[in-house]
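For reference, the structure discussed in these notes is given below.
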Amino acid sequence: MATDSTVTVEDIEVFADNLNPQAAAEAFKKHGALVVRGLMKPYIDEIHRDIEAAAAESIASLDSVEKIVEGWRTPNGTLFLPAPSGYSRDKQIMVLAINYFTSAAFFRSALDERALDIVEAVLGQNVEVYGNGQCLYKEPVGGHPKHLHQDSAYFEHRYEGPVGF
């Protein structure tokens, strides 16, 4: 990985409509990050609809939450954390219960041919879809800020870490 700290967006940016998976993989290997503009565009409207429906369902079920170590979990599996003071309720969504079983568009996006071409160029052909997918959900106030980071600290793997998009 590069030791130069002056990486620009242009250094890690490729475009889905003119995709060269090998060039994308080289940018990732060099800088440890990759931005693929337009990759999820075919799915975004449908995923947005599914996300908003899951959020409404989760908020409506706050009277049925289970207290867990991380915060509270709704019957549909949404994770809530304490909301900041002054927010409209005392809990806010952190991880939304939307996954490959509840959103066909979310599942299709994980199997997008262009995305898989990039993943295979980085990791090789022996890849798998891990788990059921995950949707971090940021409400208008609070939440935990997420700066650009690598998830290898959270998800240990024998070789390369997970790939998210």
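The one condition from (1) closer than 21 Å to Ile68 by Cβ; (2) modelled with pLDDT of 85 or more that Leu123 does not meet is (1).
Scanning the range 43-57 for residues that are over 30 Å from Arg73 (Cβ atoms) and either at pLDDT 95 or above or charged (D, E, K, R) (or both) turns up nothing.
For the range 97-118, indicate whether the set of residues that are assigned to a strand (DSSP E or B) and not aromatic (Phe, Trp, Tyr) is non-empty. The answer is no; no qualifying residue exists.
Residues are listed down the side, and each one gets a yes or a no for (1) under 19 Å from Val141 (Cα atoms); (2) at pLDDT 95 or above; (3) in contact with a helix residue (DSSP H, G or I) (Cβ under 9 Å, 6 or more places away or on another chain):
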| residue | (1), (2), (3) |
| --- | --- |
| Lys29 | no, no, yes |
| Leu34 | no, no, yes |
| Lys41 | no, yes, yes |
| Ser64 | no, yes, no |
| Glu70 | yes, no, no |
| Thr74 | no, yes, yes |
| Ala83 | yes, no, no |
| Arg89 | yes, no, yes |
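Just a yes or no: is a residue in the range 69-90 more than 30 Å from Gly124 (Cα to Cα), among the aliphatic types (A, V, I, L, M), free of Cβ contacts under 8 Å to residues at least 60 places away in the same chain and touching a Phe, Trp or Tyr at 6+ places or on another chain (Cβ under 9 Å)? Yes, the range 69-90 contains a residue that is more than 30 Å from Gly124 (Cα to Cα), among the aliphatic types (A, V, I, L, M), free of Cβ contacts under 8 Å to residues at least 60 places away in the same chain and touching a Phe, Trp or Tyr at 6+ places or on another chain (Cβ under 9 Å).
The values are calculated or read from the model by the stated rules, or taken from the named source; none is laboratory data. Please read these numbers as outputs of a predicted model, since none were measured by experiment. Neighbour counts are summed over all protein chains in view; Cβ atoms, including those assigned to glycine, are modelled from backbone coordinates with ideal geometry.
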